[in-house]
Amino acid sequence: MTGSWTLLRFILRRDRVRIPIWILAILITVVGTASIFPDTYPSDADRQARATLMENPAMRMMLGPLQGAEDYTFGAMMASEMLGMMMIVVSLMSIFMVVRHTRAEEETGRAELVRSSVTGRYAGMTAVIVAVAGLNLLIGLLTAVGLTATLPELDLTGSLVFGAALAVTGISFGAIALVSVQINEFSRSASGMAVAIMIGTYVVRGFGDMLENWLMWAPISGPVLQSAPYVDNLLWPLLIPIAIAGVLIPLAFWLSDQRDVAAALRPPRPGPATASPRLGMPFGLLFRLQRGSLLSWGIGLLLFGMAYGSVVNEVGEQYADNPMVSEYFAALGLDVGELTESIVAMIAMFMALLVSVYAVGTVTRLRGEETSLRAENILATAVSRIRWAGESMVFGIVTSTFILGLTGVGAATFFALDSGSSSDFWMVLGAVMNYAPAIWLAVALAVAVFGIIPQAMSLAWFVPAYGFFALMIGPLLGLPGWLYNISPFEYVPRVPSVDFDPVPLAVMTVIALGLILAGLIGIRRRDLSFV
């Protein structure tokens, strides 16, 4: 393990921006949500009405079991409604961090350079698992302190259990990612396997909570949710994910001895002697490389739309007379007089923001292909730069529009089934598809950044990141109107809460075309692998 401390410092140096962003995003989300509970649910009757809504099987599947239903306190709300969502966030954070500092380093050849110096073979893995564990423990501790300081009703014991639940979840999935790195040859497949395990266990646990059977204990999310912070404050369920991590981390070290550097335990599958004609075109190659991502995003958002579409009417009835909710919707420019329609508009925007994350990701992968020199193999053929980048852009626009439509169909179908009106199907679907030009604009900005200033590729994430900030955090902070207007999603008419207006959508489409043109010109004029 010689050199572990040096590599740990190197990881912290490289992630000096990412780590604070993760910490702030999680703290603002958790603590900010807790801070609005007293104004949103001022009476016991309001909280019990919320508990009745959470008894919905779809909500139990998505968020976890209902804790403290008989006396639905603010702590029970945190355990029932926030813990499940934040577990997903810390899991993804840990998976991406492990893969970025292990398999991605081997894939690019940097790990071999590091290993050629006075560095032990276990140093890199030791440094990254220590970094991930330390980050999760820090997030857990800051979350516990922040919750207790923000809301006196949240006792310190329950807050510490809540923070510990987040920490052990992140560490466990970091250990899973460490094993996945040994099995898979590429960072994309290593991340994909770890994320698939996370989604699989979460779905199994969801079915268990929905059916109320033994599947609710599916590791890792099942035992963590059963710890019931603020309600039962059970610590022993958290020992299960800790034990899993305790087994997987030594296993990952042992597996690393069974392979060569940059190789994997799972050998590459031999391909056919003759490639499919589709792989001779950039678009066909893109589909082959990203079909797993397309499938997982499509299925995930379809289920998301179905779950939220089934509870819109119940949510509208529950919060019809809640002044805090009315103030929140008014800050977003929604008509508080028609609460159900405002909820539809807000959910449509939230789903569109999720799709924009996928859409931008399809373009930012171009930078990875360029810096890894794989793009040179394609551009050495008759494929031009504009065709290479342009087809990636078209792929992002087409597939993101398809996923947006799929999400809208899921939400519209279940909303119409719940309301009993077929016209509601088209109302919800139209509200969701209304955001397609904003997603196209997000893709166009990513193309422009890649073509003009590729070294600042992280700027491509501005549109979805700021959109989430304006939707989730803006009303809580009381932001002035001009700060909302920075996000292009704010210019989309909030159908069906307001009347449809095609002008903003046409303007966004024209701006998107201009950004795409600028980006493609930049790609044609600049050098490859420009840093």
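Every number here is computed from the coordinates shown, using simple stated rules; none is lab data. Remember, predicted model here, so these are calculated numbers, not experimental data. When we count neighbours, we look across all protein chains shown, and the Cβ atoms used for this are built from the backbone with ideal geometry, even at glycine.
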statement: The correct pair for the stretch 278-531, radius of gyration to one decimal and Dmax as a whole number, both in Å and from Cα atoms, is 19.5, 64
message: Placing +1 on the Cβ of each Lys and Arg and -1 on the Cβ of each Asp and Glu in the chain, which of ILE36, GLY368, MET508 has its Cα farthest towards the positive end of the resulting dipole?
response: GLY368
query: Percent relative contact order of the chain, based on C-alpha pairs within less than 8 angstrom and at least six residues apart?
result: 14
statement: Under the 7 Å Cα-to-Cβ spin-label approximation, ALA380 and TYR122 lie apart by a distance in nanometres of 4.1
- prompt: What whole-number value in cubic angstrom gives the convex hull volume per residue for the C-alpha atoms of the chain?
  reply: 160
4 °C / 1.567 mPa s Stokes-Einstein diffusion coefficient of the stretch 164-228, Kirkwood radius on C-alpha pairs, µm²/s: 105
- prompt: Near PRO223, within a Cβ-to-Cβ distance under 15 Å, what is the net charge of the other residues, with Lys and Arg +1 and Asp and Glu -1?
  reply: -1
task: Enter the per residue convex hull volume of the stretch 1-263, computed from alpha-carbon coordinates, in Å³ rounded to the nearest integer.
output: 115
task: Hey, for a label at SER458 modelled as a point 7 Å past Cα toward Cβ, could you say which residues of the stretch 352-382 have their backbone N under 20 Å away?
output: 357-372
query: Where in the chain are the DSSP H helices whose C-alpha atoms run 18 Å or more along the long axis and whose mean Kyte hydropathy is at least 0.0?
result: 18-40, 83-100, 123-150, 156-183, 187-211, 239-256, 282-309, 339-371, 385-419, 436-452, 502-525
query: So if we plug the beta-carbon distance of PHE500 and ARG110 into 1/(1 + (r/R0)^6) with R0 = 41 Å, what FRET efficiency do we get, rounded to 0.05?
result: 0.20
statement: Dividing the mean separation of Cα pairs under 8 Å (6+ apart) by the residue count of the stretch 278-531 yields a relative contact order in percent of 27
statement: Env charge @ ASP418, Cβ radius under 9 Å, K,R +1 / D,E -1, value -2
field: Order by protection proxy (mean Cβ within 10 Å, highest first), peptides 267-276, 379-388, 32-41
entry: 32-41, 379-388, 267-276
query: Does a label point 7 Å from the Cα of GLU212, set along Cα-to-beta-carbon, have any residues of the stretch 20-55 with amide nitrogen under 20 Å, and which are they?
result: 48-55
query: Given N residues in the stretch 370-429, what is Rg(Cα) / (2.2 N^0.38 Å)?
result: 1.90
- prompt: So what's Rg/Rh here for the stretch 397-531, counting alpha carbon atoms and using the Kirkwood radius for Rh?
  reply: 1.05
query: Taking the simple approach of a point 7 Å from Cα along Cα-to-Cβ for both ALA243 and GLU369, what is their distance in nm?
result: 4.6
query: Length gain on complete extension for the stretch LEU265 to TRP5, per 0.36 nm per residue less the alpha carbon to alpha carbon distance?
result: 90.9 nm
statement: Karplus ³J(HN,Hα) for the stretch 67-76 (6.51 cos²θ - 1.76 cosθ + 1.60, θ = phi - 60°; Hz, whole; x = Gly/Pro) runs 9, x, 4, 5, 9, 7, 7, 4, x, 4
field: Ranked by how many other beta carbons lie within 10 Å on average, peptides 214-222, 441-449, 8-16, 508-516 from highest
entry: 441-449, 214-222, 508-516, 8-16
